[in-house]
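Reading through the structure tokens given below for one structure.
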Amino acid sequence: MTSIDLIPDPTAPDDPELDRWTTVATEVAGILRKDAVGRDHANAEPVAEIALIREHGLLGLTIPQAFGGEGAPWRAAVQVARIIARADTSIAHILAYHYGWLRIVASFGTDAARDELRQTATRRWLWASPGTSRLGLPKLVPVDGGHVVTGESGFATGGPVCDRLFTRALHSDTGDLHIVALDPRAPEIEFTGTWDVLGQRLTASRAVTLNDVPVNSYLAAFGPLDQPPAPIWSLAVLNFQLLFSVLHLGTAEGALLEAADYTRQHTRPWYHSLVEHGNHEPFILQTYGEYLARVQAVSALTERADAALTRLYSLGDQVTGDQRAQVAEIIAAARINAIDVGLAVTAGIFDLTGARSTATAHGLDRFWRNQRTLSLHDPVAYKQHELGGYFVNGTHPAPSGYR
């Protein structure tokens, strides 16, 4: 039986490969949980944490075996990120993005992309990217012997600790969109800012400036930026929208697990209570039940969205705009609910643990701070508007860096 829900499904079919990787993820999460509070307070770049991920073989998880990777399905990556988010949402965020970038690289099908996958598997590289920047895209400029990339690129989650930067750039002569890989250790790359924020403090999401950085690999080339992409090439952003739901889900589950431990060990019954132990308080148990039911519902919707996106990828060039829109809105629904439930649970656990649980040493606030920061990546109101427009008017979301 393979089910990682807090209330596992005993009817779930066995999946030995998934079991293998969820076991590894659970071990990593256990290690991260031990000092999660101290690391959050220290707000240092997660060098040791990425080394831990690397040592446990998780960076090559989804790379096909033909290229030296583990060849695990996308579902395994999703569940690995979810389990690690229960202990440390920041590290799960970096790893989830890594899986997202690799899924896109694998979809290009070019010789350069295949070579990057081989090297990633062999050298256990971590990938990061500036992603969608409101500053605009950097330029790809021809120079003697190749090209360089130059320009401001927003911030890159995991950038300062990665091994490869996945970067979009516009050719300075043609205006065509190119996808290239850069070496983040190149002296022409600057990571600036301190990333001293409310939550997700260990994602090392610092700003990136590219000062005529030599291109290491040309992964793919497309037409002008204003040319609508084929549906298959517009699936990339849906990976990340789904992964945000997974991170919200895992963080909410982690908060419940941590709170339940505290309730069992430390929570006292109220002065007027008729029970002897805090973990028998009726209102506390009722609220745990409410939160657990809501989290289980998010899990079911997120897994449905994951299955739908995986099917779209299996269709390849046969994907239609209608199919893409349908799956985009399933993912939007999952994310709307994941944000709502995640914020409610991580704020509400203090009602279940009591006043003493607010001590800084316990660090229970980190779950809410991470949820709050993640929830602001793009406004949930726009997700709700998009979903409503699709349901009422049949309006397809125009593919962008956020939908």
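Derivation of every value follows stated rules applied to the coordinates shown; laboratory data play no part. Computed from a predicted structure; not experimentally measured. Virtual Cβ from ideal backbone geometry, glycine too; neighbours counted across all protein chains shown.
A few points about this structure:
- Charge dipole magnitude, Cβ of K and R +1, D and E -1 - the stretch 128-224, Cα centre, debye nearest 20: 360
- Ascending count of other beta-carbon atoms within 10 Å, so fewest first, for S129, S400, S3: S400, S3, S129
- Placing pseudo-labels 7 Å out from each Cα toward the beta carbon at H272 and T122 gives an inter-label distance of 7.1 nm.
- The chain - charge dipole about Cα centre, Lys and Arg +1 at Cβ, Asp and Glu -1, debye rounded to 20: 360
- Dipole in debye (nearest 20) - the stretch 289-330, about Cα centre, beta carbon charges: Lys, Arg +1; Asp, Glu -1: 40
- The long axis of helix 111-123 is offset from the longest Cα principal axis of the chain by roughly 50 degrees.
- Using a Förster distance of 22 Å, the FRET efficiency for D111-A66 (Cβ separation, nearest 0.05): 0.95
- Efficiency of FRET from Cβ geometry, A361 and F283, R₀ 25 Å, rounded to 0.05: 0.45
- Acute angle (nearest 10 degrees) that the helix 89-108 long axis makes with the longest principal axis of the chain, alpha-carbon atoms: 30
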